[in-house]
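Engineer: Submitted below is the structure of interest, expressed as structure tokens.
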Amino acid sequence: MKIKAVVLLGSLFFVFAILSFASAEEVSNANIDLVKTSTWYIAGPAKENQETINKIRKEKGIIKVTAKDNPVGEIELNVMLTESYSNDGKPTNLSESSKYLSITYKSSHLIKLQAREGNAEGTGCVHGGSHPRIDLPVSAKKFSTIKIPWTDFKQDGDPNGKTLDIHNLCKFNFVNYNPVSGATLEIKSVIVQI
């Protein structure tokens with residue numbers, strides 16, 4: 001009977017050790033979903049304002065933006081990487097193990113996704129700073145999920161441009177530079193591997 005108890009306790013200890021190791025691995029490879037965790041900001045000719053966007057985000061778990069009739073100017077939807085009380089908070093230093101950004105979205109028009117870097121001092125996200133970016137292709141009929149390696153973000157979208165510095169990352173700007181009336185963008189998730 002004592003041998004069975006020792007074997008059982010040994011087996012339980014082994015399982016506990018494996019589970020502890022798995023939990024530590026999960027923590028080091030954690031992800032955050034900015035749709036769930038962060039306040040979103042809007043600028044430009046959209047039907048929805050910041051309050052409406054965040055109310056729907058909290059209630060339905062989705063971001064939705066619609067261009068107004070006769071839009072003039074670009075529509076810019078912003079989200080800070082680390083939650084902040086402003087649209088220009090402190091940058092985040094992602095770990096070396098962070099390799100990508102994953103987005104589930106639906107869009108009637110091409111969206112330029114800018115990954116905005118912070119200032120040289122690492123204290124803020126200054127407008128007009130570095131704009132490494134990629135294109136989110138049109139996906140008008142259904143939600144698409146794309147996984148974007150950080151190395152795909154190049155200055156001004158130029159294939160030979162400077163690569164994004166993930167150790168000084170402030171926010172993401174989803175920009176429709178030429179909105180037309182009724183253009184839509186819906187986002188279900190923006191998952192950052194931290």
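The values are calculated or read from the model by the stated rules, or taken from the named source; none is laboratory data. Quantities reported herein were computed from a predicted structural model and do not represent experimental measurements. Positions of Cβ are backbone-derived with ideal geometry, glycine not excepted, and every protein chain shown enters the neighbour counts. Each accessible area value is taken on the protein alone, full model and side chains, heavy atoms only, with ligands, DNA and RNA left out. Shrake-Rupley method; radii C 1.70, N 1.55, O 1.52, S 1.80 Å.
Engineer: Would you mind working out the accessible area per residue for the stretch 82-194, using a 1.4 Å probe, and quoting it in Å²?
Structural biologist: Numbers: 5430 Å² over 113 residues.
About 48 Å² of surface per residue is accessible.
Engineer: May I pose another question? Beyond a 21 Å Cα-Cα separation, which of these cross-linked pairs lie in this structure: Lys99/Lys142; Lys64/Lys141; Lys58/Lys154; Lys147/Lys188? Mind showing how you got there, number by number?
Structural biologist: On the way: Lys99/Lys142 26 Å; Lys64/Lys141 15 Å; Lys58/Lys154 32 Å; Lys147/Lys188 14 Å.
Long pairs (Cα-Cα over 21 Å): Lys99/Lys142; Lys58/Lys154.
Engineer: Follow-up. Along the stretch 69-74, what does the Karplus equation 6.51 cos²θ - 1.76 cosθ + 1.60 (θ = phi - 60°) give for ³J(HN,Hα), rounded to whole Hz, x for Gly and Pro?
Structural biologist: Whole-Hz 3J(HN,Hα) from phi for the stretch 69-74: 4, 6, x, 10, x, 7.
Engineer: Only loop residues by DSSP count here, and only those with at most 16 other Cβ atoms within 10 Å; note down the GluC sites (Glu not before Pro) in the stretch 46-141 that meet that. Can you show the working numbers first?
Structural biologist: Details: sites: Glu48, Glu51, Glu59, Glu74, Glu76, Glu83, Glu96, Glu117, Glu121; in loops: Glu48, Glu74, Glu83, Glu96, Glu121.
Filter output for the stretch 46-141: Glu74, Glu83, Glu96, Glu121.
Engineer: Along the positive direction of the dipole of the stretch 78-194 (beta-carbon charges: Lys, Arg +1; Asp, Glu -1; about the Cα centre), which of Gln193, Ala120, Ser108 reaches farthest?
Structural biologist: Ser108
Engineer: Considering only the other residues whose Cβ falls under 10 Å of the Cβ of Glu186, what net charge follows from Lys and Arg at +1 and Asp and Glu at -1? Write out the running numbers ahead of the final one.
Structural biologist: Details: positive: Lys64, Lys106, Lys188; negative: none.
Result for the local shell: +3.
Engineer: Okay, moving on. Over the alpha-carbon set of the stretch 95-166, divide Rg by the Kirkwood Rh and report the Rg/Rh ratio to two decimals. Could you put the intermediate results ahead of the total?
Structural biologist: Values: Rg = 13.4 Å, Rh = 13.3 Å.
Value, to two decimals: 1.01.
Engineer: 5 Å is the cut-off here: which amide hydrogens, built 1.01 Å from N in the peptide plane, fall below it relative to Tyr100, excluding neighbours closer than 5 in sequence?
Structural biologist: Long-range HN contacts for Tyr100: Trp150, Gln193.
Engineer: Rounded, prolate or oblate: which one fits the stretch 27-169, using the alpha carbon gyration tensor with axes a ≥ b ≥ c (rounded when a/c is under 1.5, else prolate when a/b beats b/c, else oblate)? Please list the in-between numbers first.
Structural biologist: On the way: a/c = 1.39, a/b = 1.33, b/c = 1.04.
Because its axes are fairly even, with a/c under 1.5, the stretch 27-169 counts as rounded.
Engineer: Tell me, what is the FRET efficiency for Thr145 and Tyr177 to the nearest 0.05, using R0 = 22 angstrom and their Cβ-Cβ distance as r?
Structural biologist: Working: r = 24 Å, r/R0 = 1.07.
According to the calculation, E is roughly 0.40.
Engineer: Right, next: Give me the percent of accessible area attributable to carbon and sulfur for the stretch 54-149, probe 1.4 angstrom.
Structural biologist: Values: 2610 of 5040 Å².
C and S atoms contribute 52 percent here.
Engineer: In addition: Count the net charge of all other residues whose Cβ sits under 10 Å from the Cβ of Lys162, scoring Lys and Arg as +1 and Asp and Glu as -1.
Structural biologist: Values: positive: Lys154; negative: Glu117, Asp156, Asp158, Asp165.
In short, -3.
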